[in-house]
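Contents: one structure, followed by commentary.
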Amino acid sequence: MGNSFRVVLVDDDSDLRKLVKLTLEFTAGWEVTVAADGAEGIDAVRKIKPDLAVVDLMMPGMDGYEVCRQLKGDAETADIPVVFLTARKELDPAKLKEVGAAGVVVKPFEPEQLAGRLRELSGGGES
Amino acid sequence: MCAMLEHDQDPDGLLAEVRREFCDGLPGRLETLETALERLAEGCDAGAADAFYRAAHSLKGTAASFEADELVGPATALADVGLGWFKGGALDSAALVAARQELERLRGAVKRYTARLAGGAAG
């Protein structure tokens, strides 16, 4: 697992965390660490320095925008791409740009295509 | 944080297990929505509006991702109603009636999804 693509997934819905983790680990062989809220997610990203952070937009307490803002504001994590995962179709492109998000994946996602789409959004090309 | 999944397990078996856990959690999600709606019916309650919208919105996205198609329609309708309350909109009786109807529709959908899953046809 030492050289595998590492992801921190932040989502307050435990069922969705399990589904995304399972999908990315089995379809792409990625190493996925999960966090249940924004603060835990930021801690995990700071500790692991993953290749990508996948963050739910709407979470209680700290939302995805704030998680992204904090990661981009920290020199240690600023270069880690952040992709939002959300069920909302109407998002403000200016706000996404302002917080420095690499992109958005809208739920529901196609399991077979999720890793490729995330890799593409994070600037890593094909998985 | 959860540990890595055990990769020596069968992916289809694991997916079935995760789907079953989602299904087992549906009564709890329904209860969250019902409790929040009753609090809203008793009077303006920002915390209940927040809880209602978040629960409906979360179910909408998660149900769709689990291909629980029966649940997506009522969950989306509940999230749409809840969004207005979440944004501080008026809590009128028509919206409460609509939410109760959609919640009833969701209860039926949960039963159908549970039966479909038990029959091995989900996903």
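The values are calculated or read from the model by the stated rules, or taken from the named source; none is laboratory data. Just so it is clear, the structure is predicted and the values come from calculations on it, not from any experiment. With ideal geometry, Cβ positions are generated from the backbone for all residues, glycine too; neighbour counts draw on all protein chains shown.
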Looking at region B:8-26, can you tell me whether even one residue there is away from chain A (no Cβ under 11 Å) and at pLDDT 95 or above? no
Of B:E34, B:E67, the only residue that is at the interface with chain A (Cβ under 9 Å from one of its Cβ atoms), surrounded by fewer than 21 Cβ atoms within 10 Å (Cβ to Cβ) and under 19 Å from B:R105 (Cα atoms) is B:E67
Picking from A:E40, A:E66, which residue would you name as being at the interface with chain B (Cβ under 9 Å from one of its Cβ atoms), at pLDDT 95 or above and in a helix (DSSP H, G or I)? A:E40
Failed item in (1) within 18 Å of A:A115 (Cα to Cα); (2) surrounded by fewer than 23 Cβ atoms within 10 Å (Cβ to Cβ); (3) under 14 Å from the mean Cα position of the chain (by Cα), with A:G29 passing the rest: (3)
Qualifying residue in region A:46-57 (condition: within 17 Å of A:E76 (Cβ to Cβ) and facing another protein chain (nearest Cβ under 10 Å)): yes
Please find, within region A:1-37, the residue that is farthest from A:S122 (Cα to Cα) out of those that are more than 7 Å from every other protein chain (Cβ to nearest Cβ) and polar (S, T, N, Q). A:S14
Within region A:90-118, residues farther than 19 Å from A:L71 by Cβ and within 14 Å of another protein chain (Cβ to nearest Cβ) come out as A:E90, A:V106, A:K107, A:P108, A:F109, A:E110, A:P111, A:E112, A:Q113, A:L114, A:A115, A:R117
Looking at region B:31-51, is at least one residue touching a residue at least 60 places away in the same chain (Cβ under 8 Å) and among the aliphatic types (A, V, I, L, M)? yes
Go through region A:69-93 residue by residue and tally those that are assigned to a helix (DSSP H, G or I), surrounded by fewer than 18 Cβ atoms within 10 Å (Cβ to Cβ) and modelled with pLDDT of 90 or more. 2
Checked A:L22, A:L71, A:L52 against criteria (in contact (Cβ under 8 Å) with a residue 60 or more places away in the chain and more than 23 Å from B:A56 (Cβ to Cβ)); the one match is A:L52
